[in-house]
Amino acid sequence: MILEKNIVKRQHYIPETLLGNFVNSDKKLIEVLLHSKKIYPTSPGNSMCETFVYEHDTLKKNTIENYFAKIDSEIGQAIKDTIGQIEELKKGNININTIREVVENLLPIFIIFYYRSGALLTEFSSINKDEKIPLLSNKILNHVYINALSKTIRNCYNFSIIESDNNFLLSDQFMSTASLDVKTQFFDISNRHIGLKETLILIPISSKYYITYWHSNKSFIVEENTITKLKPEEVKNINQTIINNSYVKCVSSQKEAIEDVLDEYEMEYPSQIYAGGNPSGYFCGAIKKKEVFFHKEDKEAFKLFTWMIFKPYEKLGRNDICACGSNKKFKKCHQDIYNKVKIIIDSFQKNKRDRGDNYGIPGAMAYELPVDHWQGFDKNK
Ligand SMILES: [Zn+2]
């Protein structure tokens, strides 16, 4: 068998048909380049595409490319149909469960796009190019894993549809995820990995509609099995999550929607963590995704913990002046946030063998895998 190597192809990593659902009345998309904060108009044909090197020795020619071409056409039509059904739902002609069923049948394809998205370009950027494509294809061609992850979302998460005035953003990661509560600091995964308790999943449909799946013991901004028109501050909270899921770019139909949350964007790449190494050359480590928290206080608690700046709060009483310098009483300022930090510290002190028992959703068929992890011996030593 003759295998062709390194066939370069310019391809959309977010389907062009989906980008078409985010255009303004001039059929333009407003795009932001996150590292320079540059905002400019573009078109669905020119946005979210990249030169991919899809071919690899170990893959039969065109395997991935043909596969993507097939699901691209499938998803475009399916999302258009879903928008039509949402309009029917609003008129009272159909039941929300009809839409839920359609979306749940599409979940495997949504998850494939999640892996094939801009994440490919960034999460795997520290990995040798030759290893990048097999690593991606191992994930997206692994039907057992994709189906188990879909079943986890279907069986363990609440479903709802959220609506805005055409001002939802779209991330280059395709789906967006966030943690709804700070759990702990993991070595190889983030607090927002699918399958963990207190997580939110956002699936883009158009600038007007998103599908939300969430797992939480607390109340969320919407009720299960409903379509809800969000208030402006709730839209902002969702958009803050979407922009922080983006690696390089984010698009919208409205410039203001981007400007509204641009200051909330934190530049933070997936980090490589080396967990161990000894003189004989043994090493192990992982690539970890950025943490994204839906609630501001969780984000702050996680920072206090990971930056190790919680000491000044340790001995404060409820009525003492807060250590942050706000001049407010502790109870009216950082006490709730510090209490969350204490939960993280406790999670390290408890000697629980199976952390899955603590943080995984009971009954989950699969957890989202780490970007990558490795262990072995360094041949150079
Ligand atoms: Zn404070």
Give region 74-97 a look and list any residue that's open to solvent by 60 Å² or more (accessible area, probe 1.4 Å) and part of a helix (DSSP H, G or I), or say none.
Glu74, Gln77, Lys80, Asp81, Glu87, Glu88, Lys90, Asn97
Would you say Phe283 is at pLDDT below 90, away from the ligand (no atom under 16 Å from the Cβ), open to solvent by 50 Å² or more (accessible area, probe 1.4 Å) and over 23 Å from Phe186 (Cβ atoms)?
no
For Gly317, work out the one condition from (1) free of Cβ contacts under 8 Å to residues at least 12 places away in the same chain; (2) more than 9 Å from the ligand (Cβ to nearest atom); (3) on the phi < 0 side of the Ramachandran plot it doesn't fulfil.
(1)
Members of region 245-297 found to be assigned to a helix (DSSP H, G or I) and in contact (Cβ under 8 Å) with a residue 12 or more places away in the chain, listed by number
Asn245, Lys255, Glu256, Ala257, Ile258, Glu259, Asp260, Val261, Leu262, Glu264, Glu297
Being surrounded by 15 or more Cβ atoms within 10 Å (Cβ to Cβ), in contact with a strand residue (DSSP E or B) (Cβ under 6 Å, 6 or more places away or on another chain) and modelled with pLDDT under 85: is that true of Gly277 here?
no
Whichever residue in region 305-347 is open to solvent by 90 Å² or more (accessible area, probe 1.4 Å) and aliphatic (A, V, I, L, M) and, among such residues, is farthest from Asp181 (Cα to Cα)
Ile321
Based on this model, can you work out whether Asp165 counts as at pLDDT 95 or above, assigned to a loop (DSSP other than H, G, I, E, B) and acidic (Asp, Glu)?
yes
Can you work out which of the residues in region 236-256 that are surrounded by 23 or more Cβ atoms within 10 Å (Cβ to Cβ) and among the hydrophobic types (A, V, I, L, M, F, W, C) is farthest from Ser206 (Cα to Cα)?
Ile243
The condition of being of a type in the set (Gly, Ala, Ser), within 16 Å of the ligand (Cβ to nearest atom) and assigned to a helix (DSSP H, G or I) holds, among Ala323, Ala301, only for Ala301
So for region 296-303 (the condition being modelled with pLDDT under 90 and open to solvent by 20 Å² or more (accessible area, probe 1.4 Å)), does at least one residue qualify?
yes
From the option list Ile337, Ile343, single residue qualifying as within 14 Å of the ligand (Cβ to nearest atom) and either assigned to a loop (DSSP other than H, G, I, E, B) or closer than 24 Å to Phe186 by Cβ (or both) is Ile337
Assuming Ser216 fulfils every condition listed in (1) open to solvent by 40 Å² or more (accessible area, probe 1.4 Å); (2) under 21 Å from Val103 (Cα atoms); (3) among the small types (Gly, Ala, Ser) apart from one, which condition is it?
(1)
Test result for Glu224, open to solvent by 30 Å² or more (accessible area, probe 1.4 Å), outside any strand (DSSP E or B) and farther than 30 Å from Ala364 by Cβ:
no
Members of region 150-176 that are in contact with an Asp or Glu (Cβ under 8 Å, 6 or more places away or on another chain) and of a type outside the set (A, V, I, L, M, F, W, C):
Ser150, Arg154, Asn158, Ser160, Asn167
Would you check if Leu59 is at pLDDT 95 or above, among the aliphatic types (A, V, I, L, M) and over 24 Å from the mean Cα position of the chain (by Cα)?
no
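The values are calculated or read from the model by the stated rules, or taken from the named source; none is laboratory data. These numbers come from a predicted model, not from an experiment. For neighbour counting, all protein chains shown are included, and Cβ atoms are generated from backbone atoms with ideal geometry for every residue, glycine included. All accessible areas refer to the heavy atoms of the entire protein, side chains included, with ligands and DNA or RNA removed. Shrake-Rupley method; radii C 1.70, N 1.55, O 1.52, S 1.80 Å.
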